[in-house]
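Participant: Take this structure, written in structure tokens, and hold onto it; I'll ask about it next.
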Amino acid sequence: MELKEMQALLQKSLPKKRFEHSLEVCKTAAILAAAHKIDVEKAKISALLHDCGREIPSRDNLSKAKELGLVIDEVERNQPILLHAKIGMYLAEHKYGVTDKDILEGIRYHTTGTAHMSKFAQVIYLADLLEPTRCFPGIDEMRDLAKRNLDRTMIRAYAQTIRYLLEYDLLVHPDCIAGYNELAIKFKRAKQGK
Ligand SMILES: [Fe+2]
Ligand SMILES: [Fe+2]
């Protein structure tokens, strides 16, 4: 399926605001991908479709994930909103005809992140967080940093996400912690010159 066709199908499937957000993520991902010499066309597809799983209302995520035969972990069972990433990966493949592994991985990890993320998946994660309609203290600095250093931006994003989740008594997904720890170890070692 061509990008334009995917866009038309997505528009029919998502609420207006969510679709507009997807377009912004698509534009931001294209900029970040170019800055990091990553396939721009692939990044645009992954970014456009990153929230395609949102066509399922959050309250139905658990039953939908079960119906699709997806693996559901303990944190997802208790915070089913997280499942829109796995459901999205499924729909990208089966509804939008995506077979490319990078594109699917970008969708799969856009919510939690994970350890050993590819640059491609990092671009999708950060484009979702930093697209132009997002607003939080320090965002401009992060937008700037994201163009230069993905790992440094990711660790800030993880720290910010974890702080937010704790503030509102929400669950922290183990993939998010694993992603944070991996980068924390990396930067700690770099500081110690190891
Ligand atoms: Fe999302
Ligand atoms: Fe999103």
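The values are calculated or read from the model by the stated rules, or taken from the named source; none is laboratory data. Here the structure is a predicted model, which means the values were calculated and not measured. Cβ atoms come from the backbone with ideal geometry, glycine included; neighbour counts cover every protein chain shown.
Participant: Which pairs do you get when a residue that is on the phi > 0 side of the Ramachandran plot, found in region 131-149, comes within reach of a residue that is among the polar types (S, T, N, Q) and at pLDDT 95 or above, reach meaning Cβ atoms under 9 angstrom, with the pair 6+ apart or on two chains?
Facilitator: Once the first residue is on the phi > 0 side of the Ramachandran plot and sits in region 131-149, its partners that are among the polar types (S, T, N, Q) and at pLDDT 95 or above give Gly138/Gln160.
Participant: Listed residues Ile87, Ile103; which is within 14 Å of ligand 2 (Cβ to nearest atom), at pLDDT 95 or above and crowded, with 17+ Cβ neighbours inside 10 Å? Spell out the reasoning first.
Facilitator: Values: Ile103 fails: within 14 Å of ligand 2 (Cβ to nearest atom).
Among Ile87, Ile103, only Ile87 is within 14 Å of ligand 2 (Cβ to nearest atom), at pLDDT 95 or above and crowded, with 17+ Cβ neighbours inside 10 Å.
Participant: Among the residues that make up region 86-101, is at least one of them within 23 Å of Asn181 (Cβ to Cβ), free of Cβ contacts under 8 Å to residues at least 12 places away in the same chain, not aromatic (Phe, Trp, Tyr) and not in a loop (DSSP other than H, G, I, E, B)? Break it down stepwise before answering.
Facilitator: Of the residues in region 86-101, the ones within 23 Å of Asn181 (Cβ to Cβ) are 86.
If we keep only those that are free of Cβ contacts under 8 Å to residues at least 12 places away in the same chain too, we end up with none.
Scanning region 86-101, I find no residue that is within 23 Å of Asn181 (Cβ to Cβ), free of Cβ contacts under 8 Å to residues at least 12 places away in the same chain, not aromatic (Phe, Trp, Tyr) and not in a loop (DSSP other than H, G, I, E, B), so the answer is no.
Let's see how each residue does on (1) surrounded by fewer than 22 Cβ atoms within 10 Å (Cβ to Cβ); (2) out of contact with any Leu (no Cβ under 9 Å at 6 or more places or on another chain); (3) β-branched (Val, Ile, Thr); (4) modelled with pLDDT under 95:
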position	(1), (2), (3), (4)
Ile107	no, no, yes, no
Gly113	no, yes, no, no
Asp151	yes, no, no, no
Met154	no, no, no, no
Tyr180	yes, yes, no, no
Lys186	yes, yes, no, no
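Participant: Here are some conditions: (1) assigned to a helix (DSSP H, G or I); (2) surrounded by fewer than 23 Cβ atoms within 10 Å (Cβ to Cβ); (3) of a type outside the set (Lys, Arg); (4) away from ligand 1 (no atom under 13 Å from the Cβ). Val123 meets all but one. Which one does it not meet?
Facilitator: Every listed condition holds for Val123 apart from (2).
Participant: Okay, next question. Residues of region 100-112 being of a type in the set (S, T, N, Q) and in contact with an Asp or Glu (Cβ under 7 Å, 6 or more places away or on another chain), which ones? Step through it out loud before you land on a result.
Facilitator: First, pick out the residues of region 100-112 that are of a type in the set (S, T, N, Q): 111-112.
The one that is of a type in the set (S, T, N, Q) and in contact with an Asp or Glu (Cβ under 7 Å, 6 or more places away or on another chain): Thr112.
Participant: Which ones in region 24-38 are farther than 17 Å from Lys101 by Cα, of a type outside the set (Lys, Arg) and either out of contact with any helix residue (DSSP H, G or I) (no Cβ under 6 Å at 6 or more places or on another chain) or not in a helix (DSSP H, G or I) (or both)?
Facilitator: Glu24, Ile31, His36
Participant: Moving on. List pairs: first in region 48-63 and free of Cβ contacts under 8 Å to residues at least 24 places away in the same chain, second away from ligand 2 (no atom under 13 Å from the Cβ) and of a type in the set (Val, Ile, Thr), Cβ under 8 Å, 6+ apart or cross-chain?
Facilitator: Note: pairs meeting the criteria are Leu62/Ile72.
Participant: Pick from Ser13, Ser58: which is surrounded by fewer than 21 Cβ atoms within 10 Å (Cβ to Cβ), within 12 Å of ligand 1 (Cβ to nearest atom) and at negative phi? Give the derivation first.
Facilitator: Details: Ser13 fails: within 12 Å of ligand 1 (Cβ to nearest atom).
The unique qualifying residue is Ser58.
Participant: For region 1-44, name all the residues that are among the small types (Gly, Ala, Ser) and in contact (Cβ under 8 Å) with a residue 40 or more places away in the chain.
Facilitator: Filtering region 1-44 down to residues among the small types (Gly, Ala, Ser) leaves 8, 13, 22, 29-30, 33-35, 43.
Ser13, Ala29, Ala33, Ala35, Ala43, listed by residue number.
Participant: Scan region 68-100 residue by residue and report those that are among the acidic types (Asp, Glu) and under 21 Å from Leu10 (Cβ atoms).
Facilitator: Just the residues of region 68-100 that are among the acidic types (Asp, Glu), to begin with: 73-74, 76, 93, 100.
Answer for region 68-100, where residues must be among the acidic types (Asp, Glu) and under 21 Å from Leu10 (Cβ atoms): Glu93, Asp100.
Participant: It is to be established whether one or more residues within region 39-47 are within 15 Å of ligand 1 (Cβ to nearest atom), outside any helix (DSSP H, G or I) and either at pLDDT 95 or above or surrounded by 16 or more Cβ atoms within 10 Å (Cβ to Cβ) (or both).
Facilitator: Taking region 39-47 and keeping what is within 15 Å of ligand 1 (Cβ to nearest atom), we get 46-47.
Keeping just the survivors that are outside any helix (DSSP H, G or I) gives none.
No.
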